[in-house]
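A short write-up of the structure that comes next.
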Amino acid sequence: MGSTMESLNSIAFFVQAAETRSFSQAGRLLGVSSSAVGKSVSRLEERLGVRLLHRSTRSITLTNEGALFLERCRRILCEIEAAELELSETQHAPRGRLRISLPLVGMLVMPALTAFMRRYPDIELDVDFSDRLVNVIEEGFDVVMRTGEPTDSRLMARQVGSYRLQLVVSPGYLADNGTPKVPEDLADHACVQHKFPSTGKLEPWPLKRAEGAPEWEVPASMTCNTSAALMDVALAGLGIACLPDFMVRKAIERGELVSVLDGHVEHQGSFRLLWPSSKHLAPKLRVFIDFMVDTLFKH
């Protein structure tokens, strides 16, 4: 039993070191010294007869054998966590820290997020708002929400809702500049465009085009990496913006914005929750996923 517990400790130390790429950071998270983590991993390597980590003065990286072993170790630790949770979850309400990453669409997620906090006060949310493509596993997130199709086979996914992009503009702008009737008319208008923060590239406007034809070249009177700023510019009557329907719906209902070129816009997108497939669905994670699916696009 003693050797088994020592192996489990070594596995836990190895997983933390591999995920943080640092013995010192792993030690801080585990409440031990960096040397204790390093020695534990060295003993594990000696016992297995393989090198799991490449060490340098600045960082540590996984060997090929280490990468394979890491996935197995994650599953082992998740099974232990699952066993503990099965014994305790019937006696306690969902609780604990939940690390999540959400896109920069506060007007969509914040009502659902605050409602979740009211219902589950014992769950501590550690929220990262970002449009960058985070590495769910390597950065230690419990769950993230992103658009598009999942591409990482190590992740589980669940769709929480769909949306479409619209071209919107203020009535005042149209009164001064006229209404575009076809995409070619955009060449004579001020267009404010979204720039992806991670790549700096402009997000294409979803204008219909003939098969084989090049994408429409939309002029840019302003580029910005946040949709909220584009919304403000459109409301101020300074140009046409391409924004998701959930963001502009209320402004359209109030008459502050109108949509244009609807018959020439073709778009359908979706939001999905993604989480590590090897991660046991702890009560805190399960209730968060269920709550967001039931609530996010309902308010």
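The values are calculated or read from the model by the stated rules, or taken from the named source; none is laboratory data. The model shown is predicted, which means the values in this text are computed figures rather than measured ones. Cβ atoms come from the backbone with ideal geometry, glycine included; neighbour counts cover every protein chain shown.
For the reader, a short list of remarks on this structure follows.
- Tally, over region 249-281, of residues that are of a type in the set (A, V, I, L, M) and either within 20 Å of L102 (Cα to Cα) or under 19 Å from the mean Cα position of the chain (by Cα) (or both): 3
Let's see how each residue does on (1) modelled with pLDDT of 90 or more; (2) of a type in the set (V, I, T); (3) not in a strand (DSSP E or B):
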site: P94; (1), (2), (3): no, no, yes
site: M110; (1), (2), (3): no, no, yes
site: R118; (1), (2), (3): yes, no, yes
site: E139; (1), (2), (3): no, no, yes
site: G161; (1), (2), (3): no, no, no
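- Residue-level check: of (1) surrounded by fewer than 18 Cβ atoms within 10 Å (Cβ to Cβ); (2) at pLDDT below 90, S227 misses just (1).
- Cβ-Cβ under 9 Å pairs, at least 6 apart or on other chains, region 27-55 side in the same structural domain as F14 (by TED's automatic domain parsing) and exposed (fewer than 15 other Cβ atoms within 10 Å of the Cβ), far side of a type in the set (A, V, I, L, M) and part of a strand (DSSP E or B): H54/I60; H54/L62
- Of the set (1) surrounded by fewer than 15 Cβ atoms within 10 Å (Cβ to Cβ); (2) touching a residue at least 60 places away in the same chain (Cβ under 8 Å); (3) of a type in the set (D, E, K, R), all apply to R209 but (2).
- Residue count for region 120-129, restricted to those that are in a loop (DSSP other than H, G, I, E, B) and loosely packed, with under 15 Cβ neighbours inside 10 Å: 2
- Test: residue in region 275-291 that is of a type in the set (D, E, K, R), out of contact with any Gly (no Cβ under 7 Å at 6 or more places or on another chain) and within 23 Å of D185 (Cβ to Cβ): no
- Single residue of region 230-240 satisfying the filter (surrounded by 15 or more Cβ atoms within 10 Å (Cβ to Cβ) and not aliphatic (A, V, I, L, M)) that is nearest to the chain's Cα centre (by Cα): G239
- Among the residues of region 242-274, the ones that are more than 18 Å from Q193 (Cβ to Cβ), modelled with pLDDT of 90 or more and hydrophobic (A, V, I, L, M, F, W, C) come to 4 in all.
- Check on L243, farther than 20 Å from G106 by Cα and of a type in the set (A, V, I, L, M, F, W, C): no
- Residue check: V248 meets all listed conditions (1) in a loop (DSSP other than H, G, I, E, B); (2) surrounded by 13 or more Cβ atoms within 10 Å (Cβ to Cβ); (3) touching a residue at least 40 places away in the same chain (Cβ under 8 Å) but one, namely (1).
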